[in-house]
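Nothing in this text is a laboratory measurement; each read-out follows from the coordinates by a stated rule. Note that the coordinates shown come from a computational prediction; the quantities given were computed from them, not determined experimentally. Positions of Cβ are backbone-derived with ideal geometry, glycine not excepted, and every protein chain shown enters the neighbour counts.
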Amino acid sequence: YKIVHARDSFHGRTLGALSATNKKYQAGFKPLLPGFKAVPYGKIESIEKALSDEKVCAVLLEPIQGENGVKIPYENYLRDVRRLTKKKGVLLVLDEIQVGMGRTGKLFAYEHYGIEPDIMTLAKALGGGIPCGAFLATNQVARHFTPGVHGTTLGGNPIAMSAGLAVMKTIMEDGLLDRAASSGTYFLERLAGIKEAHHGLVKDVRGKGLILGVEFKSPEIAKDVVTRAVGKGLLTILTEQRVMRLLPPLIAGKKEIDHAIDIIGETLDEAGNA
Ligand SMILES: Cc1ncc(COP(=O)(O)O)c(C=O)c1O
């Protein structure tokens, strides 16, 4: 069987996930698992073509690519992929490890598109700092995974499970989904202002809820801005060389966002004058 995945994806560094991840992360870890077919992200024609291979049993995707520079596919992409996978009887696996648990303003990012995957992975925010990951599947898929067929030493340990439950309760009871959605809209509006004021340096700003990216016109500018921002107390990360990725906590509000925008504006003023 084969699994179709996106060429520039990031699914992690364990052997199976690494086999479905961007080649640049694979160096030094070969041999990897066979049976993975890479296609460009966000291009439905490539998925359609790949699905003509009868050996394909699943399509694995990130709803938004985080490590690959906050790439948000066209609005109907996941819906189109879901339609094609259903038609072919192929499973849709969504990696919600970075964008799930409220990050985009919905509990799971796929909810924006009115679809459901057959399998989904969760981690990162799931444990709120305690290592915790999960693999969820529909009943139809999960029935093939009976108790005892798969396991791991620390899997399902009570501390991690309690942390996961506490995180879920907090997200739902403290209104963090609405907060992430409204704070995200505000942050993106303010970033659009930054782009306008610094159009010589900033190429694009984008985001969904509280995963946001600022794409600069060159890797040098991006590195300079990200480094200067850390010095001023704003911790972001450089992804795909020219994109500053912002993943504020879901409790971030106007005050914190205004502060972040002030810092980004200041760093851009400095970078522009450097
Ligand atoms: C989409 C996605 N999947 C999976 C992972 C998990 O990676 P790892 O196994 O290296 O912790 C990450 C980490 O950044 C991620 O962004």
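If you filter the range 56-136 for GluC sites (Glu not before Pro), then keep DSSP loop positions with at most 15 other Cβ within 10 Å, what is left? Spell out each step's value before the answer.
Values: sites: GLU67, GLU75, GLU96, GLU111; in loops: GLU67, GLU75, GLU96.
Answer by residue number: GLU75.
In loop segments of the range 140-207 as defined by DSSP, the trypsin sites (Lys or Arg not before Pro) with at most 13 further C-beta atoms inside 10 Å of their C-beta are ARG143. The residue among ASN139, TYR186, ILE211 whose Cα reaches farthest toward the positive pole of the charge dipole of the chain, with charges on the beta-carbon of Lys, Arg, Asp and Glu, is ASN139.
Going through the range 184-274, which GluC sites (Glu not before Pro) have at most 13 other Cβ atoms within 10 Å and a DSSP loop state?
none
Taken over the Cα atoms of the range 176-273, the convex hull encloses 77 Å³ per residue. Extension gain, THR170-LYS203: 0.36 nm per intervening residue step, less the Cα-Cα distance, totals 8.2 nm. Measuring r between the beta carbons of HIS144 and GLU75 and using R0 = 30 Å, the FRET efficiency lands at 0.35.
Restricted to Cα atoms, the chain shows a radius of gyration and a Dmax of 19.6, 62 angstrom.
For each pair in LYS55/LYS87; LYS37/LYS106; LYS37/LYS203; LYS23/LYS106; LYS124/LYS254, compute the distance between the two Cα atoms and list the pairs where it is over 26 Å. List each step's numbers first, then the result.
Values: LYS55/LYS87 15 Å; LYS37/LYS106 30 Å; LYS37/LYS203 31 Å; LYS23/LYS106 31 Å; LYS124/LYS254 24 Å.
Exceeds cut-off: LYS37/LYS106; LYS37/LYS203; LYS23/LYS106.
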